[in-house]
Amino acid sequence: MQAFIRETIKACQEVVIMLETTKDIEAYKPQEIGAGGDFSVGLDLMAEQIFIDRLGRFGQINSEESGFIGEGDMQIVLDPIDGSDNMLTHFPYFGASIAYMKEEKCVLGIVCNFANGDIFIKDDKQFLQGKLHSAHFKPVVKHHTSRIGIFEKAALYPELTKELIENRLKYRAPGAVALSLAYSHYTNYMVFLGKLRTYDLEAGLYMCEDLYVYKDETHIIISKDKEVFEKIKTIILK
């Protein structure tokens, strides 16, 4: 596990350097529809290759861009750049999601925000957060002073957002599901409605195991506060 974590951190560091130094305009253009159903830009594919080079020896990779790569008893579910539109807009909320899977169950989750260097690492013993270029990590704890939640894809649900606001449940919609899941201990709640894709979810949901979680085929509702959790469930699922 430690070797996998080290190589994943190195891969994330390399991706950040690649994003900062790539000037070729072709790298910013759509290339093809990836396995996840969205167009991949050149930078997505370049980031994917960095992860393949670093992590391919640890198992089969299932990437949002290229699908299944290689073989192995373990599987690595990868979103090389979660929040690609944010990246292309220079909005500082995009990163990578890496889930190390054994028998279809996540046993190690890593989510990194490339924009600010936040990196979250969870296994069966601990859940830590640190900075990408620092050796110092600290346990993730619930922030009980949170005043806002995250509602990904909020613009598609104006009636629900109106009701949340009427119930004084403030929210933001930053546009990177894996990151939003990783930050769930810090926010008042997290909501995602729509098509659920394994690339976005495996690592982040694993990090939310100790929170209140509702998940079905098209809904994810998460909160550290039971009262908030039940209120949002009532609003969204009624």
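The values are calculated or read from the model by the stated rules, or taken from the named source; none is laboratory data. Since we're looking at a predicted model, the values are computed, not measured. Here Cβ is always computed from backbone atoms with ideal geometry, including for glycine, and neighbour counts include all displayed protein chains.
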Problem set entry | In region 30-86, residue farthest from Gly175 (Cα to Cα) [restricted to those that are in contact with a Gly (Cβ under 9 Å, 6 or more places away or on another chain) and aliphatic (A, V, I, L, M)] | Met74
Exercise. Restricting attention to region 6-55, which residues are β-branched (Val, Ile, Thr), part of a helix (DSSP H, G or I) and either touching a residue at least 60 places away in the same chain (Cβ under 8 Å) or closer than 25 Å to Asp118 by Cβ (or both)?
Worked result: Thr8, Ile9, Val15, Val16, Ile17, Thr21, Ile50, Ile52
For this session: Could you list all residues from region 56-76 that are in contact (Cβ under 8 Å) with a residue 40 or more places away in the chain and surrounded by fewer than 23 Cβ atoms within 10 Å (Cβ to Cβ)?
Result: Phe58, Gly59, Asn62
Exercise. Among the strands (runs of 3 or more DSSP E) confined wholly to region 141-229, which include 2 or more residues that are among the charged types (D, E, K, R)?
Worked result: none
Exercise. Out of curiosity, is Arg168 surrounded by fewer than 16 Cβ atoms within 10 Å (Cβ to Cβ) and under 23 Å from Thr218 (Cβ atoms)?
Worked result: no
Exercise. Do we have any residue at all in region 176-185 that's surrounded by fewer than 17 Cβ atoms within 10 Å (Cβ to Cβ) and either in contact with a strand residue (DSSP E or B) (Cβ under 9 Å, 6 or more places away or on another chain) or assigned by TED's automatic domain parsing to the domain that holds Gln129 (or both)?
Worked result: no
Exercise. Can you pull out the residues in region 56-86 that are modelled with pLDDT of 95 or more, assigned to a helix (DSSP H, G or I) and touching an Asp or Glu at 6+ places or on another chain (Cβ under 9 Å)?
Worked result: Arg57, Phe58
Problem set entry | Any chance Ala135 is surrounded by fewer than 15 Cβ atoms within 10 Å (Cβ to Cβ) and not β-branched (Val, Ile, Thr) | yes
Exercise. Is it the case that Glu217 is modelled with pLDDT under 95, over 16 Å from the mean Cα position of the chain (by Cα) and not assigned by TED's automatic domain parsing to the domain that holds Glu64?
Worked result: yes
Problem set entry | Looking only at region 111-129, and only at residues there that are aromatic (Phe, Trp, Tyr) and either surrounded by 24 or more Cβ atoms within 10 Å (Cβ to Cβ) or free of Cβ contacts under 8 Å to residues at least 12 places away in the same chain (or both), the one that is farthest from Met1 (Cα to Cα) | Phe114
Problem set entry | Cross-chain or 6+ apart pairs with Cβ under 6 Å, region 83-110 first and within 14 Å of Gly204 (Cβ to Cβ), then among the hydroxyl-bearing types (Ser, Thr, Tyr) and assigned to a helix (DSSP H, G or I) | Ile98/Thr8; Cys106/Tyr206; Gly109/Tyr206; Ile110/Thr8
For this session: Report yes if Ala173 is within 11 Å of the chain's Cα centre (by Cα) and not assigned by TED's automatic domain parsing to the domain that holds Ile81, otherwise no.
Result: no
